[in-house]
Structures are given as C-alpha cells and as structure tokens.
1. Within the set of other residues whose C-beta is less than 12 Å from the C-beta of Ser270, count the net charge using Lys and Arg as +1 and Asp and Glu as -1.
2. Work out, step by step, the length gained on full extension between Asn10 and Lys172: first 0.36 nm times the residue separation, then minus their alpha carbon distance; give nm to one decimal.
3. At 7 Å along Cα-to-Cβ for each site, give me the label-to-label distance between His55 and Asp69 in nm.
4. What number, in percent, do you get for the relative contact order of the chain if the mean sequence gap of Cα pairs under 8 Å and at least 6 apart is divided by its residue count?
5. Give the long-range amide H neighbours of Lys34: residues separated by 5 or more places, or on another chain, with amide H under 5 Å away, using H modelled in the peptide plane at 1.01 Å from N.
6. Two decimals is fine: what's Rg over Rh for the chain, C-alpha atoms, Kirkwood radius as Rh?
7. Starting from the Cα of Ala181, step 7 Å along the direction of its Cβ; do the same at Lys277; then give the gap between the two resulting points in nm.
8. Full extension from Gln360 to Gln3: what is 0.36 nm times the residue separation minus their Cα-Cα distance, to one decimal in nm?
Amino acid sequence: MIQIPDRINNLTTYKAGKPIDELAREKGLNRIVKLASNENPLGPSPKAVEAIIKHAEFIHRYGDPNAFDAVTALSVKYKKPFNSIFIASGSDAILQYIIIALTNEGDYMLSSKGSFIGWYVNSDKLGRKSINLPLTSDYKIDLEAIKEKISPDIKLIYLANPNNPTGTYFTKAQFIDFMNAVPKNTVVILDEAYTLYAEACKDYPNGLNFDYENLLVLRTFSKSYGLAGLRMGFACGNPELITALKKARMPFEPNTLAAYAAIAALEDESFLEETVKLNNRSMTMFREAFNSLSMNYTETAANFFLIIFETPEKAKNFNQECLNKGLILRYVDYFGIPNGVRINSGTVEETEFAINIIKQVIEII
Ligand SMILES: Cc1ncc(COP(=O)(O)O)c(C=O)c1O
C-alpha cells in the first residue's frame, strides 16, 4: 500500500465558505449572499479588469519570471528597493515559501490560536511545529505571552494585524516594543492582509514603515483590491530574506494576468476610496444591528466581524440556520475559535439581506 506521510494524512482539505452555486443547488434558494471570505463586495477594480483584457492575448507566452513590471510598480508605490520585494500567487503561497525557505522540518515557530488558518495548514503540511498561544480575553494577539515563549529554537513568528478571524489589531507602540524583544535571527512575519481598512486607526502600525532586518511584511490583492480569484500577493523585507524566498518560489508566479491586474489596481485610488467607504457603511449597519440584538462581537479594524456565542453548538447552529436561509458565513472552529462565526461587510443591499436573516435566526437558536 502506498504510504502517505502523517503530516499530509492528518490534514483536512481546505474548507472555504460554501460556494454560492452549490448552496443554490442544494437548497433551491433563489437569493444567496456570501459574506464568508472577506472579499470585496464591489467586485474587482475596473482598471484591473481592463488590464486583464488588454493582456489576455499574450497568455500563450510564459510570463516574466522576475515579474519586473509588477515589482517595479510596488517598489515605486511604496518607495522600497526593488530587491526588497517578492511577489507570488497570493499571501497564502508566500507563507508556504517563507516556511520552506527559512526553516527545516521539525523546526519550531510561534503564533496564536485563533488566527489565520493558512498559517496552521502551511506549518502542518510542511512538518513544522507552530506553538500557537491563546488570544487575550478580548480576542487580541497576546504579544506579551509570545515574547515570553521566544527561545533560540524559534525560527519564525507569525502575526496577522489586523488578525483574522477576530479583526483585532495591535498598536504601533506594542509592535515596536515586541520587535525590540525579538532576537535578530528570529524572523517575524507581519501579515497585513487588511491594512487598507485598518489604516484609519491612528495607532495602527503600517509594517512598510519599518525596516527591521528580521521583518517580512505580507500584503495581498485578494481583499480591498478585489482580486481574490487571480491569486496575487507580495512580501517586503530584507533583500537577503527575499532572495531566499525567490529560490523557493514556483517558476512564473504570479501569472501574467494577475501581475498586470495588480499593477492597475494599485493605482485605482477612486476604487479603493469607494471600497473603504462602503466597508464603513456596511460595518456600521452590522454594528447597530448586533447591538440592538444584544449580540457579542469583537472590536474590529478590518472588513469583518467575529460574532461570539456562548457555546460552540450555538455558533454552529447559527451558521447552519443562516446557510439554510441563503446567507453564507464562516464558522471558525478550524481557526481555533469554535464559538465564533465570521461575517464580512457587503453592499448595502447584501447587508440589509444579512441583517434580516440574522434577526430571524437569533430568535430560533
Ligand atoms: C490574514 C490573512 N492572510 C492571508 C490571507 C490569504 O490571502 P491570499 O488570498 O493572498 O492568499 C488571508 C485571507 O483570508 C488572510 O485573512
């Protein structure tokens, strides 16, 4: 019999929020709203769509293996040296490349329980041991506890800021204090997937403003830029680390269309402004509804809420009953929060639809 290694056998296949078509087929529903994957409800940046159409006729060719145009665009935009930027097919893929390039099987890493599932999947898949410490009682990453666990055995530390699925963030002062405590040979991954939403918080530490030699900042085009289906993300940091990541990357990542769409989306200021404006509106509508229904949720700086229930059963039921009525949310047990359900912002109409369903479901669970 063929032996599959335990580290793969023990994994569960990635479970995303249910696809819309699948739910429509299963339940015979004619209206379905998906607020499960923190995507942009406005759709993609129109400039990105234009760029895709423009470059579509060249996809019979392999792309530029160094993605020169996209790296240059990021380098100019963020005023960072060309060789400090690494791009690949999404920040989830970048996490994998960081682990491959900077650690060996059996090495230890540090993070939080109740954080981004991609971190757990990548570390388990690659046979690394991530020590995941509990969040604080207010669902924040416990930087003090992580600091205390640092030892010469720890090769990487993963922090998502804002954190997914809680939406909570740590401040600039907390981040600086943390980095001062981390030895220079331990690399810190600062995953800023939701930075465009969090920037409104005055004390939010924009990672690209720091130049620590042991810091890698991760960004994605999947959220505010509306390009989740294309798969495009980048890392910025010490060129020595970036060179190591390039050696681990699959050739020709990201794909040609993703690279050109990202260049266009980066410059689409009006789309980004609309995105943040709509997010604020939808989040306010949800906040008011949750308050009026006396529901518990985390203080978030991102484009989603974590709704907290008294028990895992209640969270699971809530998620299932919403699904039965055509509202797809994300039950976050796999993230390490079995009593939580995540919901992201939508268009005004989607938000009204969701609130209406939530009101009905809260009555029956
Ligand atoms: C914190 C965090 N990092 C990374 C990702 C994945 O981004 P990408 O689509 O670029 O792989 C997500 C997506 O949910 C996320 O929440």
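1. Taking every other residue near Ser270 into account, the sum is -3.
2. Gain in length upon complete extension: 54.6 nm.
3. Using points 7 Å along Cα→Cβ, the separation is 0.5 nm.
4. 25
5. Ile328
6. 0.96
7. Distance between the two pseudo-spin positions: 4.2 nm.
8. 123.6 nm
Every number here is computed from the coordinates shown, using simple stated rules; none is lab data. Everything quoted here is computed from the prediction, not taken from an experiment. Don't worry about glycine lacking a Cβ; one is built from the backbone with ideal geometry, like all the others, and counts go over all protein chains shown.
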